[in-house]
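The values are calculated or read from the model by the stated rules, or taken from the named source; none is laboratory data. Note that the structure is predicted; figures quoted are calculated from it, not measured. Please note: Cβ atoms are built from the backbone with ideal geometry, for glycine as well, and neighbour counts cover all protein chains shown.
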Amino acid sequence: MANQLFVDKAASTQLESFPISEQRAVVETLERLSSDPLGNSTEVSQADDLHVAVVDNIGIVFSYLPDEESVIVTGFEELPRAAAAQELEASPA
Amino acid sequence: MARISSQIKSACTLVLSVATSVSTGLASTRYFANPQGNWQPPATIAAIFLLLQILLTFIDSAEDKELAECREERKKREQQRQELEDLKHQKAVEIAKKDVEYHKNITAKAVEAIKAGNTTELDSLEQLRKKIDG
């Protein structure tokens, strides 16, 4: 069953600063998150119900509140594109 | 396409195998060569079929090797993609950890607003979609 998904206004404004293709990708991911919040996300801190999901190079920070059947998106993060690739190349195969 | 090609190859192998067996059988009922040293026709045909069969087997094994290499390459790419995804998640968690208090506050405020039925400081998924699509 889909949860109610809310996005904090400040986060929503932050999202508007990203390229349109990334904005659309984020919205698609949010749709998936509302029905399956734990499917493709990583826990930040168990006590705070805080999770991150990643789409392209954007991290989506959200709280999943199972009792309220709600997902609250609290912010977006722009991940360092080049740094991630470099670290992967440097890491042993 | 690959499936059809594989079916054609299987059919060819079967036909050649039967043809080789039949012509070898026919050849074995006579001498393979007459006293003058000339090969009897069934023996020649059997030899040709046998050569064709060997050739087909050779082509088949080369294709199998190529397919195995392709599969290996795809697996490697998928593994690299997964590693990059894991790395991105790891980075996102690191960044989020720095602002845990901020995210906690926003969550607490949002929960209160939802409970109070006053969600003016929040966008629903529908509102967000409308904003993006103009």
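Specify which of the listed residues (B:126, B:69, B:121, B:85) is within 14 Å of chain A (Cβ to nearest Cβ), surrounded by fewer than 13 Cβ atoms within 10 Å (Cβ to Cβ) and not small (Gly, Ala, Ser).
Every option except B:126 fails the conditions.
Return the pairs, sorted by first residue and then second, in which the second residue is in a strand (DSSP E or B), the first residue lies in the range B:117-134 and is among the charged types (D, E, K, R), the beta carbons are less than 9 Å apart, and the residues are 6+ apart or on different chains.
Within 9 Å, the pairs are B:121/A:8; B:123/A:6; B:123/A:7; B:123/A:8; B:123/A:73; B:131/B:123.
Return a yes/no flag: does the range A:27-47 have any residue that is outside any helix (DSSP H, G or I), at the interface with another protein chain (Cβ under 7 Å from one of its Cβ atoms) and not polar (S, T, N, Q). Working first, answer last.
Of the range A:27-47, the ones outside any helix (DSSP H, G or I) are A:36-45.
Going one step further and asking which of them are at the interface with another protein chain (Cβ under 7 Å from one of its Cβ atoms), we end up with A:42, A:44-45.
With the extra rule that they be not polar (S, T, N, Q), the set shrinks to A:44.
Yes: the range A:27-47 contains one or more residues that are outside any helix (DSSP H, G or I), at the interface with another protein chain (Cβ under 7 Å from one of its Cβ atoms) and not polar (S, T, N, Q).
Rundown of residues vs (1) on the phi > 0 side of the Ramachandran plot; (2) in contact (Cβ under 8 Å) with a residue 12 or more places away in the chain; (3) within 25 Å of the chain's Cα centre (by Cα), yes/no style:
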site	(1), (2), (3)
B:55	no, no, no
B:60	no, yes, yes
B:69	no, no, yes
B:73	no, no, yes
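State which residue is nearest to residue A:66 (Cα to Cα) when the search covers only the range A:27-43 and only residues that are surrounded by 13 or more Cβ atoms within 10 Å (Cβ to Cβ) and of a type in the set (Ser, Thr, Tyr).
Going through the qualifying residues, I end up with A:34.
Would you call residue A:11 more than 7 Å from chain B (Cβ to nearest Cβ), in a helix (DSSP H, G or I) and at pLDDT below 90?
Details: more than 7 Å from chain B (Cβ to nearest Cβ): yes; in a helix (DSSP H, G or I): yes; at pLDDT below 90: no.
No; evaluated as a whole, the condition is false for this residue.
Please work out which residue is surrounded by the most Cβ atoms within 10 Å (Cβ to Cβ), limiting yourself to the range B:98-118 and to residues that are touching a helix residue (DSSP H, G or I) at 6+ places or on another chain (Cβ under 9 Å) and part of a helix (DSSP H, G or I).
B:103
Among the residues of the range B:85-92, is there at least one that is of a type in the set (A, V, I, L, M) and modelled with pLDDT under 90?
no
Of all residues in the range A:11-26, which are among the aliphatic types (A, V, I, L, M), in contact with a helix residue (DSSP H, G or I) (Cβ under 8 Å, 6 or more places away or on another chain) and surrounded by fewer than 17 Cβ atoms within 10 Å (Cβ to Cβ)?
A:20 - this is the single residue of the range A:11-26 that is among the aliphatic types (A, V, I, L, M), in contact with a helix residue (DSSP H, G or I) (Cβ under 8 Å, 6 or more places away or on another chain) and surrounded by fewer than 17 Cβ atoms within 10 Å (Cβ to Cβ).
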